[in-house]
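Visitor: Dumping the structure here so I can ask a few things about it.
Taken together, the values in this text are just the output of simple stated rules run on the coordinates, not laboratory data. All values reported here derive from a predicted model rather than from experimental measurement. Cβ atoms come from the backbone with ideal geometry, glycine included; neighbour counts cover every protein chain shown.
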Amino acid sequence: MQEITPRAAAELLQAKPADTLLLDVREPMELEIAAVQGALHIPMGEIPSRLDEIDKTRTIICLCRSGARSGQVADFLEQQGYSSVFNLVGGINAWALEVDDSIPTY
């Protein structure tokens, strides 16, 4: 599994927005606390049944709270044939610290 830092992920999302997807795999209650605008939200447990919503031609950056669940999702997506998948190191808490300090950590 490939990993990407929050800063590098933000730069990639800005440089190639049509080719890059930020996939938030946290639960809905977590989104009420902190969310990244523009991310596609599919809770981890729903990923297998909602694969058709995740474009295989895009670079996928998986995001959770700290990086553990999103790492599992990134591994799963690679097993399903997704060729460009990254796990966001440190999750949304690292994103809040390194990219957007308006997002609360929890």
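Visitor: Of L40, N87, L23, which is farthest on the positive side of the dipole of the range 21-106, counting Cα position, with +1 on Lys and Arg Cβ, -1 on Asp and Glu Cβ, and the Cα centre as origin?
Guide: Looking along the dipole axis, the top candidate is N87.
Visitor: How high is the relative contact order of the range 1-96, in percent, with contacts defined as C-alpha pairs under 8 Å that are six or more residues apart?
Guide: Numbers: 160 pairs, mean separation 36.4, N = 96.
Averaging sequence separation for qualifying contacts and normalising by length gives 38 percent for the range 1-96.
Visitor: What FRET efficiency, computed as 1/(1 + (r/R0)^6) with R0 = 25 Å and r the Cβ-Cβ distance, is obtained for E32 and S102, rounded to the nearest 0.05? Intermediate results must be reported in sequence, preceding the final value.
Guide: Working: r = 15 Å, r/R0 = 0.61.
After rounding, the FRET efficiency stands at 0.95.
Visitor: Continuing with this model, one more query. Under the 0.36 nm per residue contour assumption, what length would be gained going from the current alpha-carbon distance of Q14 and A68 to full extension? Display every interim value, and only then the final one.
Guide: Working: separation 54, 0.36 × 54 = 19.44 nm, distance 2.46 nm.
That pair, Q14 and A68, stretches by 17.0 nm at full extension.
Visitor: In debye, nearest 20, what is the charge dipole magnitude of the chain about its Cα centre with +1 on Lys and Arg Cβ and -1 on Asp and Glu Cβ, if you could check?
Guide: Numbers: 8 positive and 16 negative charges, 28 e Å.
For the chain, the charge dipole is close to 140 debye.
Visitor: Continuing with this model, one more query. What does the charge count around A15 come to, taking other residues whose C-beta lies under 14 Å from its C-beta (Lys +1, Arg +1, Asp -1, Glu -1)? Working shown, then result.
Guide: Details: positive: R7, K16, R58; negative: E11, D19.
Cβ neighbours under 14 Å give a net charge of +1.
Visitor: Here is a follow-up. What are the equivalent ellipsoid semi-axes of the chain, built from the alpha-carbon gyration tensor (square roots of five times its eigenvalues), in whole angstrom, biggest first? Before the final figure, lay out each step's value.
Guide: On the way: eigenvalues 76, 48, 29 Å².
Each semi-axis is √(5λ); the values are 19, 16, 12 Å.
Visitor: Something else now. For the chain, set up a Gaussian network in which alpha carbons nearer than 10 Å are linked by springs, and say which option among D24, D52, D75 fluctuates the most.
Guide: Fluctuation is largest for D52.
Visitor: If you find the alpha carbon centre of the range 47-94 and of the range 1-15, how far apart are they in angstrom?
Guide: Using only Cα atoms to place each centre, the spacing works out to 13 Å.
Visitor: Around A35, which amide H atoms from residues at least 5 apart in sequence, or from another chain, sit under 5 Å from its own amide H, with H modelled in the peptide plane?
Guide: Those lying under 5 Å, H to H, from A35: there are none.
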